[in-house]
Amino acid sequence: MKMRMIGLLTVASLILAFAFIAVAPAAPNKANAPATNAANALPATPAAAPAERHPEIREALGALRRAKEHMEHAAHDFGGHRVEALRATDEAIRQLDLCLKFDKD
């Protein structure tokens, strides 16, 4: 049963990792970018809002919070692993919150 839970957590982690890779914006390929003449360049316009610094971490926090909510309200105890999974989820949320807080400093 323990191996099954580890397998499920591994699969969930891989799915989240691939989802973040798929939705992360790619850097533009500068080799294929057309050259612009300085005379033809448009004046710079101020950006509406700065880009979010760590959208993947915020998405992971949302996913962890949704998973925690699901586990808390589930009808079963996941083979006796719900308490430990909730504890691990809380710790992961705490660590990611600390990462974001540290980055602001």
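We did not get these values from a lab; they are worked out from the coordinates using the rules stated. Since the structure is predicted, the reported quantities are computational estimates derived from the model, not experimental observations. Glycine gets a Cβ as well: all are built from the backbone with ideal geometry, and neighbour counts include every protein chain shown.
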* How far apart, in nm, are the 7 Å Cα→Cβ label points at Lys101 and Glu69? -> 2.3
* Structure fact -> To the nearest 0.05, the calculated FRET efficiency linking Glu52 and Ile6 through their beta-carbon distance, R0 being 22 Å, is 0.10
